[in-house]
Amino acid sequence: MSYSQFLSHVCMPHAVFLQLKTSSKSNAGSSLGHCSKVPRNVNLEKLRSGYLFPEISRHEFEHLQKNPNASLIRLGIGDTTHPIPDTITQAMAEHVRGLSTIQGYRGYGAEQGNMALRKAIAGKFYQDMGIKADEIFVSDGAQCDISRLQLLLGPNVTVAVQDPSFPAYIDSSVVVGQAGELEEETGKYRNITYMNCGPENNFFPDLSTIPRTDVIFFCSPNNPTGHAASRQQLKQLVEFAKANGSIIVYDSAYAAYIRDGSHRSIFEIPGAKEVAIEISSFSKFAGFTGVRLGWTVVPEELKYSNGFPVIKDFNRIVCTCFNGASNIAQAGGLACLSTHGYQALHNVIDYYMENAKILVDGFESLDLNVYGGKNAPYIWVHFPGSNSWNVFSEILEKTNILTVPGRGFGPAGEEYIRISAFGQREQILEASRRLKVYL
């Protein structure tokens, strides 16, 4: 199998990127042929390497080329593995069949999403929080919405991110021109504020040391650490944003995994509607990583410094850049939020969280410092004094288990690896056994 064929099999959304990256290297010393007079986007030149998860796929490919008979267990890229419950796929199938009839055919829908689904999201996730259906924008996923929000915010805003954090926040900041130059010594971009979130501060930044920024990206439960912010922590964050006139972009993609009563939405905090946007997704909650469906909440109370409502500009961005989520996916989304669909999904989530417990127990039995796995499907394991890419490579080579090096989530991720609990039970048990033997 060629590398391009492998990418098409395991990582289709990123395949084109890596093929271009590979071809650009191979052509570097050869004749360029005809070139346009259009300069390359200088911001794209500032991206220091390939996006994290395609890089993981590249290592996987190289490992399988060397070890074609390896029994590989993939606990790296956080892709769901359990089948979508029948009650949900049946709703999508019925919608598809309806498209073949005069009565059931639907073409373009509202860019903001099916109103029935927007109302269902408001009722299921934001009941008693004052969030209206008109403030919810249905999309093709949270990661796409991050980029739309960056387009909304523009290149002139200042940005803060958790460190470690999901790499899309930083990479999209680089692409739109917010980040400045990369400082090679620290691995940080000059114009981005990195908020350290580690075990020493209970995975929440010391806000008294954080300078004011226009935008604060904040994910809870956090990817990769698995930490869910407490009510007191979220209250501090909202107060900090209000005092500084900042906007919080709050990523709640893993909220359904919370088990200890921590808040699942920033809008559970009084005053948050004046300072926050929330993005979320059906991907990890409903296994829609391939179906693609998410949403963003932009409250009417949120305003720019001149008093103009942010929701009006976001609506303009959505209508300009997006034709609306697939009506098939939205039919599935409605089924997810039905009584039977919602219960079936929570059964799947319970399965993944039992996987997480197995992995956590295994690492803890080795006296390693382990975080996460309680409110999120990720386990964050500390290997003091190590280089996380070296740990990742050694685990892959010695155990045939694919993980993710913590350094890929930011400088504060060094010495850690992230392990996903998405997988079939027999694979999780086997992975735990192999890791115990190896470590």
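The values are calculated or read from the model by the stated rules, or taken from the named source; none is laboratory data. Treat the numbers as computed from the prediction; the structure is a model and nothing was measured. Cβ sites come from the backbone with ideal geometry, for glycine too, and all protein chains shown count toward neighbours. Surface areas here come from the heavy atoms of the whole protein model, side chains and all, with no ligands, DNA or RNA. Shrake-Rupley method; radii C 1.70, N 1.55, O 1.52, S 1.80 Å.
Quick check on this structure: which one of Ile279, Ile248 is farther than 21 Å from Ala116 by Cα and open to solvent by less than 10 Å² (accessible area, probe 1.4 Å)? Answer to the selection: Ile248.
Taking the criterion of being outside any loop (DSSP other than H, G, I, E, B) and open to solvent by 50 Å² or more (accessible area, probe 1.4 Å), the residues of region 425-439 that qualify are Arg425, Glu426, Gln427, Leu429, Glu430, Arg433, Lys436, Val437, Tyr438. Here Arg40, Arg97 are screened, and the one residue that is charged (D, E, K, R) and part of a loop (DSSP other than H, G, I, E, B) is Arg40.
Among the residues of this structure, Lys37 counts as one that is basic (Lys, Arg) and modelled with pLDDT of 90 or more.
Residue by residue, here is whether (1) open to solvent by 10 Å² or more (accessible area, probe 1.4 Å); (2) over 18 Å from Ile73 (Cα atoms) holds:
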residue	(1), (2)
Tyr351	yes, no
Ala356	no, no
Leu359	no, no
Ser365	yes, yes
Val370	yes, yes
Lys374	yes, yes
Pro405	no, no
Gly423	no, no
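May I ask you to verify whether Ile317 is closer than 18 Å to Leu151 by Cα and assigned to a helix (DSSP H, G or I)? Against the criterion (closer than 18 Å to Leu151 by Cα and assigned to a helix (DSSP H, G or I)), Ile317 qualifies. Taken as a whole, the structure leaves Tyr126 outside the set of residues that are aromatic (Phe, Trp, Tyr) and modelled with pLDDT under 95. The one condition from (1) modelled with pLDDT of 95 or more; (2) open to solvent by less than 30 Å² (accessible area, probe 1.4 Å); (3) not aromatic (Phe, Trp, Tyr) that Pro167 does not meet is (1). Screening region 308-336 for residues that are farther than 17 Å from Asp140 by Cα and in contact with a Lys or Arg (Cβ under 8 Å, 6 or more places away or on another chain) and picking the one that is most open to solvent (accessible area, probe 1.4 Å) gives Pro309. Quick one: would you say Gly104 is farther than 15 Å from Gly290 by Cα, in contact with a helix residue (DSSP H, G or I) (Cβ under 8 Å, 6 or more places away or on another chain) and loosely packed, with under 13 Cβ neighbours inside 10 Å? Spelling it out, Gly104 is indeed farther than 15 Å from Gly290 by Cα, in contact with a helix residue (DSSP H, G or I) (Cβ under 8 Å, 6 or more places away or on another chain) and loosely packed, with under 13 Cβ neighbours inside 10 Å. A single member of Phe282, Phe203, Phe218 is closer than 20 Å to Tyr351 by Cα and either within 15 Å of the chain's Cα centre (by Cα) or of a type in the set (A, V, I, L, M, F, W, C) (or both), and it is Phe282. The C-beta contact set for region 191-220 (first residue within 17 Å of Arg231 (Cβ to Cβ), second residue among the small types (Gly, Ala, Ser), distance under 6 angstrom, 6+ apart or interchain) comprises Ser220/Ala228; Ser220/Ala229. Selection of region 304-320 for residues being among the charged types (D, E, K, R) and without any contact (Cβ under 8 Å) to a residue 12 or more places away in the chain yields Lys312, Arg316.
Determine if region 179-199 includes at least one residue that is open to solvent by 20 Å² or more (accessible area, probe 1.4 Å), closer than 26 Å to Asp79 by Cβ and not in a loop (DSSP other than H, G, I, E, B). The answer is no; no qualifying residue exists.
Pairs linking a residue in region 345-366 that is farther than 15 Å from Arg433 by Cβ and at pLDDT 95 or above to a residue that is open to solvent by 60 Å² or more (accessible area, probe 1.4 Å) and in a helix (DSSP H, G or I), with Cβ atoms under 8 Å and 6 or more positions apart or on different chains, are Tyr351/Arg425; Glu354/Arg425.
Of all the listed residues (Lys284, Lys273), the sole one being in a helix (DSSP H, G or I), open to solvent by 10 Å² or more (accessible area, probe 1.4 Å) and under 24 Å from Leu151 (Cα atoms) is Lys273. Evaluation of Glu60 against the conditions (1) open to solvent by 100 Å² or more (accessible area, probe 1.4 Å); (2) modelled with pLDDT of 90 or more; (3) part of a helix (DSSP H, G or I) shows that the sole unmet condition is (1). For region 340-357, indicate whether the set of residues that are within 21 Å of Arg264 (Cα to Cα) and outside any helix (DSSP H, G or I) is non-empty. Taking every residue of region 340-357 in turn, none turns out to be within 21 Å of Arg264 (Cα to Cα) and outside any helix (DSSP H, G or I). Against the test of being among the hydroxyl-bearing types (Ser, Thr, Tyr) and in contact (Cβ under 8 Å) with a residue 12 or more places away in the chain, the options Thr101, Thr89 yield a single qualifying residue, Thr89.
For region 70-90, the criterion of being at pLDDT 95 or above, assigned to a helix (DSSP H, G or I) and open to solvent by less than 20 Å² (accessible area, probe 1.4 Å) is met by at least one residue.
For region 117-144, a residue qualifies if it is outside any helix (DSSP H, G or I) and either buried (at least 19 other Cβ atoms within 10 Å of the Cβ) or in contact (Cβ under 8 Å) with a residue 60 or more places away in the chain (or both), and the qualifying residues are Tyr126, Met129, Gly130, Ile131, Lys132, Ile136, Phe137, Val138, Ser139, Asp140, Gly141.
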